[in-house]
1. For the residue pair residue 17 and residue 41, what label-to-label distance in nm results when each label sits 7 Å from Cα along the Cα-to-beta-carbon direction?
2. As a footprinting exposure proxy, order 39, 47 by other Cβ within 10 Å, with the fewest listed first.
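None of the figures in this text is laboratory data; all of them are computed from the coordinates on show. None of the values given here were measured: they were computed from a predicted structure. Here Cβ is always computed from backbone atoms with ideal geometry, including for glycine, and neighbour counts include all displayed protein chains.
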């Protein structure tokens with residue numbers, strides 16, 4: 001286990017996932033390229049980010065009185 005994440009586990013970054021050898025083999029067998037995944041990620045990020053901002057504002061209103 002990586003010492004830097006032993007106490008505070010985190011999810012792998014997109015870059016780490018795309019460089020994983022097993023994921024690379026699966027993507028190759030499916031004819032998927034890392035650029036395709038990055039484009040999809042950016043597209044989803046643009047759709048989710050405004051909603052995340054609104055969710056955070058709503059949560060802050062619950063705690064700030």
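1. About 0.8 nm separates the two model spin labels.
2. Final ranking by Cβ density, sparse to dense: 47, 39.
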